[in-house]
Amino acid sequence: MIDRVWAVYVAVMNPRHKEAGEDDRLIIRAALKAGTPEELMTCIQTCEQSDFHMKRGQHAARKGGKHNALGKILKPRPRYEETQRSRIDWWLDRANPAAVAGFPSADAAIVSQRQVEVQRGHQSGDSEMVKKGEDAEAWLATHGFETVRRRSDGFPTFRRIGSDTE
């Protein structure tokens, strides 16, 4: 499975090194614990289709390089309090905007932001942040997302209403 995902990465991104290094294998292995090979391949392909991540079109003049490293695509971003699954879903939502119930594709980022607000509210002792998290959770529910609390610590994760996966 790791080799299948890597083969798509090589075909789509054309990296300098065509052989998967140990770091690449670790990234893919970790992502496979939360997603299927097909989902990971879709994440990679979606990144390649993003003008921002590939520094094309209106984003060609932006500072910095491309954001198409395997880790940038598949690793969760701790500063956004992402889980491995939410990182995969972030890409999948962009691959198939219709998957975000009742949402035009340009607004998928709002869903991600509201999810972060729920998670911050869970972790915060500040009553204002908790209230903002509760409001974001209610907003997500009206837009087709259900909050699922982890059994171990109650941390909020999300799934589309009617979906079996978080």
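Once label points are set 7 Å from the Cα along Cα→Cβ at both residue 52 and residue 10, what is their separation, rounded to one decimal in nm?
Between residue 52 and residue 10, the simple spin-label model gives 3.1 nm.
Which angle from 0 to 90°, rounded to the nearest 10, does the C-alpha axis of helix 22-32 make with the longest principal axis of the chain?
40
Using a 10 angstrom cutoff on alpha carbons, build the Gaussian network for the chain and name the most mobile of 61, 69, 20.
Residue with maximal mean-square fluctuation among 61, 69, 20: 61.
Alpha carbon centre of segment 1-62 versus segment 73-93: separation in Å?
Segment 1-62 and segment 73-93 have Cα centres spaced 13 Å from each other.
How long are the three semi-axes of the equivalent ellipsoid of segment 1-140, in whole Å, if each is the root of 5 times an eigenvalue of the C-alpha gyration tensor, listed from largest down? Before the final figure, lay out each step's value.
Values: eigenvalues 166, 63, 42 Å².
The equivalent ellipsoid of segment 1-140 has semi-axes of 29, 18, 14 Å.
Given a 1.4 angstrom probe, what's the average accessible area per residue across the chain, in square angstrom?
Working: 9560 Å² over 166 residues.
Accessible area per residue, the chain: 58 Å².
At 1.4 Å probe size, what's the solvent-accessible area of residue 114? Round to the nearest 10 Å².
The value for residue 114 is about 70 Å².
What's the FRET efficiency of residue 124 with residue 148 using the Cβ-Cβ distance as r and R₀ = 25 Å, to the nearest 0.05?
Numbers: r = 19 Å, r/R0 = 0.78.
It comes to 0.80.
Over 31 Å between Cα atoms: which of 55/132; 63/132; 75/132; 33/63; 72/132; 18/63 fall into that group? Could the numbers behind the result be given before it?
Values: 55/132 34 Å; 63/132 33 Å; 75/132 27 Å; 33/63 34 Å; 72/132 28 Å; 18/63 27 Å.
Pairs exceeding the cut-off: 55/132; 63/132; 33/63.
Would you mind telling me which residue in 133, 144, 21 has the biggest mean-square fluctuation in a Gaussian network model of the chain, where springs connect alpha carbons within a distance under 10 angstrom?
Ranking 133, 144, 21 by mean-square fluctuation puts 21 first.
The values are calculated or read from the model by the stated rules, or taken from the named source; none is laboratory data. Keep in mind that what you see is a predicted model, and the values were worked out from it rather than measured. Please note: Cβ atoms are built from the backbone with ideal geometry, for glycine as well, and neighbour counts cover all protein chains shown. Note: areas computed on protein heavy atoms with side chains; ligands, DNA, RNA excluded. Shrake-Rupley method; radii C 1.70, N 1.55, O 1.52, S 1.80 Å.
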